[in-house]
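Visitor: Below: one structure in structure tokens.
The values are calculated or read from the model by the stated rules, or taken from the named source; none is laboratory data. Owing to the predicted nature of the structure, the values given are computational and were not obtained by experimental measurement. Neighbour counts run over all protein chains shown; Cβ positions are idealised from the backbone, glycine included. Only protein heavy atoms, including side chains, enter the accessible area calculation; ligands, DNA and RNA are left aside. Shrake-Rupley method; radii C 1.70, N 1.55, O 1.52, S 1.80 Å.
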Amino acid sequence: MYKEEIETKDLVLKKASINDLNDMYKNMWSHEESAKYMLWIPTKNIEEAEERMKRTIEFQKDKIAYLVYEKKSVQAIGFAGMKEIEDKVYEDCGIGMGSKFVKHGYGKQILMALVEYCFEDLGAIKIICSCRSENIASKKLQQSCGFHYTHSQLMVDKRDGLKYMIDFYELTRNV
Ligand SMILES: CC(C)(COP(=O)(O)OP(=O)(O)OC[C@H]1O[C@@H](n2cnc3c(N)ncnc32)[C@H](O)[C@@H]1OP(=O)(O)O)[C@@H](O)C(=O)NCCC(=O)NCCS
């Protein structure tokens with residue numbers, strides 16, 4: 001139903017494969033700092049990574065959800081996706097890359113490609129993104145792609161029970 005693959009200048013977004021296990025473990029899932037502002041717990045060993053990859057493959061079926069591959073190194077470096085939360089309204093379900101791959105303009109390529117897909121191919125009228133208030137990189141990424149702040153909401157991190165503030169941004173289609 002949804003695209004199997006989305007290409008940008010430097011990246012390909014495509015469905016996860018068990019062959020990406022080592023790359024995802026090495027590049028992202030084993031890193032505390034990659035998980036810091038997200039909702040997942042870092043993977044401690046390759047066995048856990050294998051289980052996570054199997055769950056990822058299942059999760060991505062029939063969803064706008066992909067691994068992110070860097071073309072030049074031919075490896076998986078992160079993940080990205082969107083979901084339709086109400087008719088023609090889409091919300092990001094997390095965009096993240098390993099710390100070695102941030103600040104290369106990749107986040108912008110990913111978010112712009114997903115925005116274009118949702119607006120042009122899926123008929124979206126509004127796209128929502130969110131991030132923790134202290135996640136400057138994510139906030140800058142959203143602003144850089146034209147999103148504007150709408151509101152904040154207090155949440156509880158299920159990993160440690162601590163409260164945090166999440167900021168919402170949105171982009172509406174120019175018609
Ligand atoms: C958030 C994330 C996806 C951003 O991707 P990125 O590839 O680093 O972002 P880009 O290089 O495309 O930069 C996009 C814009 O944000 C700015 N930016 C990126 N990181 C920044 C930082 N740490 N501080 C300030 N500005 C930053 C860039 O300068 C750029 O702005 P510009 O277009 O005005 O020049 C990436 O940092 C990441 O994967 N972080 C870990 C996981 C995570 O927290 N994900 C978000 C969960 S909501």
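Visitor: Mind checking which pairs have a first residue in segment 85-102 that is under 15 Å from Ser34 (Cα atoms) and a second that is small (Gly, Ala, Ser) and open to solvent by 20 Å² or more (accessible area, probe 1.4 Å), Cβ under 8 Å, 6 or more apart or different chains?
Guide: Qualifying pairs under 8 Å: Ile95/Ser138; Val102/Ala137.
Visitor: Right, something else. Name the residue, out of Ser152, Ser130, that is under 20 Å from Trp40 (Cα atoms) and either at pLDDT 95 or above or within 12 Å of the ligand (Cβ to nearest atom) (or both).
Guide: Ser130
Visitor: If you don't mind, another one. Restricting to segment 98-125, name every residue that is under 21 Å from Asp62 (Cα atoms) and open to solvent by less than 60 Å² (accessible area, probe 1.4 Å).
Guide: Residues satisfying the conditions are Ile110, Leu111, Ala113, Leu114, Val115, Tyr117, Cys118, Phe119, Leu122, Gly123, Ala124.
Visitor: Give the residue that is nearest to Ile136 (Cα to Cα), with candidates limited to residues of segment 1-52 that are outside any helix (DSSP H, G or I) and acidic (Asp, Glu).
Guide: For segment 1-52, the residue satisfying everything is Asp10.
Visitor: Please determine, by comparing only the residues of segment 53-73 that are surrounded by fewer than 15 Cβ atoms within 10 Å (Cβ to Cβ) and of a type in the set (Asp, Glu), which one is nearest to Ser30 (Cα to Cα).
Guide: Filtering segment 53-73 for residues that are surrounded by fewer than 15 Cβ atoms within 10 Å (Cβ to Cβ) and of a type in the set (Asp, Glu), the one nearest to Ser30 (Cα to Cα) comes out as Glu58.
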